[in-house]
Structure formats: C-alpha cells, structure tokens
Amino acid sequence: MAVNLSIPDEADRRERLSQWVDRHSGRIMVLPAVLILLAFAIFPLVASAYLSLSRFKLAGGSFTLTFIGFYNYLRLFLGAQQYHFLGTLKAFGPLEWLLFAALLALLALWLVRFARQGFTLFGFLGRLITASLIAGIVYVVLATTVAGGIPGTLLNTLLYVVVGVAVQFLIGLGLALLCAQPIRARGWFRVIFFIPVMVTPVGVAYIFRMLADMQKGPFAPLSQLFGVSQWSWATEAWSARLMVLVGDTWQWTPFMFIVLLAAIENQPRDQLEAAHLDGAGPWQIFKDITWPAIAPVAATVVLIRLIEAFKIIDMPNVLTAGGPGLATESLTLHSFIAWRTQDFGGSAAVGYLLLFVSTITCVSFFNFVVRPSRRYQG
C-alpha cells in the first residue's frame with residue numbers, strides 16, 4: 001500500500017490558518033484588550049508586593065530600594081506601627097479570656113462539624129483561614145475596646161464595613177418595601193431617595209462637615225437652644241465615628257434601595273395575590289414569599305457594597321482628617337498617609353493587608369451567604 005508523504009503546499013497551510021482563525025476569531029479579537037488589562041492589573045500588584053518588602057529612600061536626586069523582607073509587616077503587628085494598625089492592646093482580664101475561649105470553642109466546633117459532614121481539603125483550608133481571621137479580629141477587639149485599649153485603623157475599617165453596610169441594608173430594604181406599596185407620590189420618593197448616591201463622596205463629606213458645625217452650621221441655633229453649642233463631636237472618638245457612619249450611610253443607602261426595589265417589584269405576583277386571598281399578614285408574606293424571592297439579590301448587593309466599603313477614604317479624610325487621633329482613620333487613609341510621608345514600603349504593606357482582609361471577608365461572605373441564598377431560592 002502506497003503512503004502519501006507529500007508536504008502540504010503553501011495553499012493548504014493558508015487554508016488551515018484561515019480555518020483556525022475563523023474558529024478562534026472571538027478569542028483573537030478579545031486578546032489585545034485582555035493583555036492590556038492584565039498588564040495594568042498585574043504590574044501594580046507585583047510592583048507593590050516588592051515595594052512592601054523593601055525600604056524606599058531618596059538619595060542624590062534618585063532613590064534606592066533595599067530589600068528588607070517582612071519588616072514592614074512586622075512593624076504593623078509587633079513594632080512601632082502596631083498602635084496605628086491594630087491599636088493599643090491591653091492585657092486580658094477574666095471576662096476577655098472567657099469570651100475568647102467561648103469563641104475558639106465555637107470555631108473549633110464549626111470546623112469539626114464540617115470535617116464530619118463532607119470533608120474536602122480546599123473547603124477545610126478555606127474555613128480554617130476564615131476561622132483564623134475571625135479569631136484574630138475578635139482578639140484585637142477584646143484587647144482594645146473591651147479591655148480598655150484604643151482601636152487602630154483595622155477595627156475602624158471593620159466598623160465602617162460591618163455596621164455601615166448592615167444599617168444601609170436595613171434602611172434600604174425598608175424604603176424599598178415602602179416604595180413598592182401603592183402609595184401616593186411613589187415615583188417622586190424614588191427619585192428623592194436616589195439623589196445622594198449621585199453626589200461625589202468628597203461633596204458628601206463637605207456637606208456633613210457643614211451640617212455638623214455646632215457653631216456656624218444650619219443646626220447651630222438648635223444646638224444653642226438645647227445648650228450644647230460648646231460641645232464638639234469631632235473631639236470625641238465615638239461621636240466622630242458615628243458622624244462618618246451617618247455620612248456614609250446617607251450616601252450609599254440609595255444604592256441598596258434601588259437594587260432591592262427592583263428585586264421586590266420582580267417577585268411573583270401570583271403568589272402575592274394568593275397569599276392576600278388566604279388572609280396572610282404583611283410579616284408572613286414578607287417571610288414566606290418576598291424574602292425568598294429577593295434573598296439572592298440582597299446577598300449579592302451586600303457583597304458589592306462590602307467590597308466598596310473597605311475602600312472608604314473620602315469621608316474620614318475630609319470630615320475628620322482621621323481624628324481625633326486615629327479614631328476615624330481607615331486602612332485606605334492609613335496607607336495614603338504613609339505614602340504621603342514617602343513611606344512607600346509601609347504604605348504598600350498596609351494596602352496588601354487590606355487586600356487580604358477584604359478578600360477573605362468577601363470570599364467567605366460569598367461562600368456562606370450568597371451561594372446558600374441561591375440554593376434557598378431554588
């Protein structure tokens with residue numbers, strides 16, 4: 001039997017190339033944009049990672065980078081910058097040890113239950129990382145807030161994220177349920193409630209700085225009437241934090257409101273009508289029909305807001321400049337201040353710790369809240 005060993009001519013090669021291009025035309029068209037995006041995304045990550053392990057120093061009209069390992073990170077956890085990042089830690093008393101031991105027992109029970117029910121290596125490692133982060137954060141909370149210390153920028157950021165997003169979600173959900181009802185001027189309320197999210201964060205910060213002025217602000221006559229005109233909220237740590245939370249909540253609640261309103265208005269109407277005919281009350285309708293229908297959207301919008309909340313900088317910077325002391329300074333503002341003082345290595349280290357905390361938090365929220373909510377809907 002004869003075997004054809006002839007080499008394909010130039011026309012055959014061009015035909016094959018043309019067919020290959022036709023099959024992969026979509027990927028080829030997208031590839032340049034993907035490479036550009038990866039370059040702009042990966043290069044800053046790699047450069048800042050090396051910068052976080054180095055010391056930047058100006059010298060002779062130029063600069064030098066000296067590799068120092070994890071020194072910048074050690075400063076934040078155990079060194080001179082511990083008060084800035086973690087806060088001023090105090091020794092545990094009996095109450096703090098009891099609370100911390102109870103937390104460790106609950107986390108250990110959680111891990112053991114997962115290992116018994118359906119153990120997977122990646123699932124266990126993910127839960128172990130989440131449990132370690134929770135234990136570390138609670139330890140810092142107990143050593144600062146409960147034991148009488150002073151919180152640092154890590155806890156300030158988590159306060160803005162956890163409390164701020166929770167309050168924004170509850171208010172946004174309430175407003176969405178209200179505007180979904182057949183009330184008069186419903187369209188007007190929808191427009192009014194959405195206005196704050198269209199204002200730049202710096203503008204919102206200056207608005208609240210003016211409103212909170214106890215001597216010259218628009219509410220100054222009211223404060224003088226109650227005899228508190230000489231009191232300054234900016235000199236008290238918790239009142240300053242509360243003012244930042246109020247401004248951030250005023251701006252971002254409309255985002256929650258508009259997304260939740262769209263989800264509520266898209267829920268099955270036949271189920272609502274059947275529930276009304278059966279005499280179900282408003283709470284029962286919300287619990288059994290509305291919430292299961294909007295749970296995936298609610299979990300997703302909270303996840304999006306969590307990612308954004310970790311980057312808060314405009315409000316504490318303009319409203320309080322991070323003060324009094326470090327009471328309102330966020331991790332992003334911490335990194336910016338370090339960068340402004342040319343501590344580029346320390347700034348990059350803070351940025352990477354923020355990336356680690358936010359990533360673990362958001363991934364855990366997605367795995368333990370967003371995905372179960374989708375299964376719950378199904």
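The values are calculated or read from the model by the stated rules, or taken from the named source; none is laboratory data. Just so it is clear, the structure is predicted and the values come from calculations on it, not from any experiment. Glycine also receives a Cβ, built like all others from the backbone with ideal geometry; neighbour counts cover every protein chain displayed. What goes into the accessible areas is simple: the full protein's heavy atoms, side chains included, and nothing from ligands, DNA or RNA. Shrake-Rupley method; radii C 1.70, N 1.55, O 1.52, S 1.80 Å.
Restricting to the range 201-228, and then to whatever is of a type in the set (Val, Ile, Thr) and in contact (Cβ under 8 Å) with a residue 60 or more places away in the chain, can you tell me which residue is nearest to residue 318 (Cα to Cα)?
202
If the Cβ limit is 7 Å and pairs must be 6+ apart or interchain, which residue in the range 152-168 that is within 12 Å of residue 245 (Cα to Cα) and of a type in the set (Val, Ile, Thr) pairs with which residue that is open to solvent by 10 Å² or more (accessible area, probe 1.4 Å) and in a helix (DSSP H, G or I)?
161/306; 163/245; 165/302; 165/306; 167/249
Would you say residue 114 is surrounded by 11 or more Cβ atoms within 10 Å (Cβ to Cβ), free of Cβ contacts under 8 Å to residues at least 24 places away in the same chain and on the phi < 0 side of the Ramachandran plot?
yes
Does at least one position in the range 261-276 carry a residue that is modelled with pLDDT of 85 or more, open to solvent by 20 Å² or more (accessible area, probe 1.4 Å) and not aliphatic (A, V, I, L, M)?
Checking the range 261-276: at least one residue is modelled with pLDDT of 85 or more, open to solvent by 20 Å² or more (accessible area, probe 1.4 Å) and not aliphatic (A, V, I, L, M).
For the range 149-158, what are the residues that are β-branched (Val, Ile, Thr) and open to solvent by less than 10 Å² (accessible area, probe 1.4 Å)?
153, 157
Does any residue of the range 361-372 turn out to be closer than 22 Å to residue 160 by Cα and among the small types (Gly, Ala, Ser)?
Yes, that holds for at least one residue.
What pairs come up if the first residue lies in the range 276-296 and is within 17 Å of residue 172 (Cα to Cα), the second is open to solvent by 100 Å² or more (accessible area, probe 1.4 Å) and basic (Lys, Arg), and their beta carbons are under 9 Å apart, counting only those six or more places apart or on different chains?
Taking only residues 6 or more apart or on different chains, the pairs are 295/374; 296/374.
Count, please, the residues in the range 137-148 that happen to be of a type in the set (Val, Ile, Thr) and surrounded by fewer than 19 Cβ atoms within 10 Å (Cβ to Cβ).
Our first condition is that a residue be of a type in the set (Val, Ile, Thr); within the range 137-148, this holds for 137-138, 140-141, 144-146.
Subset that is surrounded by fewer than 19 Cβ atoms within 10 Å (Cβ to Cβ): 137-138, 145-146.
Summing the residues that are of a type in the set (Val, Ile, Thr) and surrounded by fewer than 19 Cβ atoms within 10 Å (Cβ to Cβ) in the range 137-148 gives 4.
One line per residue, one yes/no per condition, for (1) in a helix (DSSP H, G or I); (2) touching a Gly at 6+ places or on another chain (Cβ under 6 Å); (3) touching a residue at least 60 places away in the same chain (Cβ under 8 Å):
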{"position": "303", "(1), (2), (3)": "yes, no, yes"}
{"position": "323", "(1), (2), (3)": "no, no, yes"}
{"position": "335", "(1), (2), (3)": "yes, yes, no"}
{"position": "342", "(1), (2), (3)": "no, no, yes"}
{"position": "345", "(1), (2), (3)": "yes, no, yes"}
{"position": "349", "(1), (2), (3)": "yes, no, yes"}
{"position": "352", "(1), (2), (3)": "yes, no, yes"}
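Across the range 282-329, what is the total count of residues that are among the acidic types (Asp, Glu) and farther than 30 Å from residue 237 by Cα?
Qualifying residue count for the region: 1.
For residue 279, indicate whether it is more than 15 Å from the chain's Cα centre (by Cα), surrounded by fewer than 14 Cβ atoms within 10 Å (Cβ to Cβ) and on the phi > 0 side of the Ramachandran plot.
Spelling it out, residue 279 is indeed more than 15 Å from the chain's Cα centre (by Cα), surrounded by fewer than 14 Cβ atoms within 10 Å (Cβ to Cβ) and on the phi > 0 side of the Ramachandran plot.
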